[in-house]
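Below is one structure, written out as structure tokens; the observations come after it.
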Amino acid sequence: MQNKGILYLIPTPIGNLKEVSPRILSTIDEVSCIFCEDTRNTQKLLNLLGKNKKTISCHEHNEKIMSSKVIELLENGENIAYMSDAGYPAISDPGSILVKECIKNDIKVTPLSGPNAFINALVGSNQDTSHFIFYGFLNSKSSERKKELESLKNYSFTIIFYEAPHRINDSLKDIYEIFGNRNITIARELTKLNEEFIYSTLENLVTNQREYKGELVLVIEGKINKNEPKLDHEFIKDKYDELLKSNFSSKDAINILSIIYKINKNSIKKIVY
């Protein structure tokens, strides 16, 4: 019986070509062909990488239909790659339908490590990284966007959105209206020459609007529980220093204090940093 092929999910650069790993390069060589979100964009990337490989269009409008073609090739023992335009397939991009069809047909799916905009934005955001929610793009219509935000406003976790430059200011207004004033980081043009992290508050960005260019990631502070006990700042700082002297890392010390005294981590950070 012929062995089935493997579907490789290949992340592509979000701005910097040097993010392409040796494993990605070797996998491109090994697959029979590449199904991709946009053959024009993928072909440009392949040309820059010096790779010659057949590309076949598989985007959000035809993914269900094209999945059957991919499955057929995989059933015949061919290894196939899927690439979206920037970052990971299936993260605010096509690919999830294809993965489900492969798993349904007992075909191995292997994701490769690589570039991802929201992870880069999160770790550079100065927001809490211990728990977070990645939401992706909000609805383009304000009324629908506000409904989405209402469903998210009570989460205490860091919340991450993608947004387009032409509607960022409208979205910030809606987020401020629903969430109230919170800390926010906007990561712009990640990995590119003009990469920028904007550390601010929702109130400040709404009051002082600016023009934004490039791909945008919004990293927003989770809801602070107003019922938290009133903090004795000196007491918390002393306990934090004691933990550091006991060779705990800053992150572990904050986690321990949060658990013991039932205090939001962001509140502790504002005291000890």
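Odds and ends about this structure:
- Packing-based ranking, highest mean first, of 4-12, 247-255 given that Cβ atoms within 10 Å are counted: 4-12, 247-255
- What you get for the chain, charging only the Cβ of Lys and Arg (+1) and of Asp and Glu (-1), is a dipole of about 180 debye around the Cα centre.
- Using the rule -39500 (n - 2.57) for each DSSP H run of four or more residues, divided by the residues of the chain, the 222 nm mean residue ellipticity is -12000 deg cm²/dmol.
- 221, 101, 203 arranged by Cβ crowding within 10 Å, fewest neighbours leading: 203, 101, 221
- Fluctuation leader among 29, 106, 232 - the chain, Gaussian network, Cα springs under 10 angstrom: 232
- On full extension, the segment bounded by residue 189 and residue 259 gains 21.6 nm, given 0.36 nm per residue less the C-alpha separation.
- Degrees between helix 39-49 axis and first principal axis of the chain (Cα, 0 to 90, nearest 10): 90 degrees
- Candidate values (1) 134; (2) 178; (3) 125, label of the one derived for volume of the Cα convex hull per residue in Å³: (2)
- Ordering 164, 84, 46 by the projection of their Cα atoms onto the charge dipole of the chain, which places +1 on the Cβ of Lys and Arg and -1 on the Cβ of Asp and Glu, puts 164 at the extreme positive end.
- Basic side chains Lys and Arg get +1 at the Cβ, acidic Asp and Glu get -1 at the Cβ, and with that the dipole of region 99-171 about its Cα centre reaches some 160 debye.
Computed from the coordinates by the stated procedures, all read-outs in this text should not be read as laboratory data. Note that the structure is predicted; figures quoted are calculated from it, not measured. All Cβ positions, even for glycine, are placed from backbone atoms using ideal geometry, and neighbour counts span all protein chains on display.
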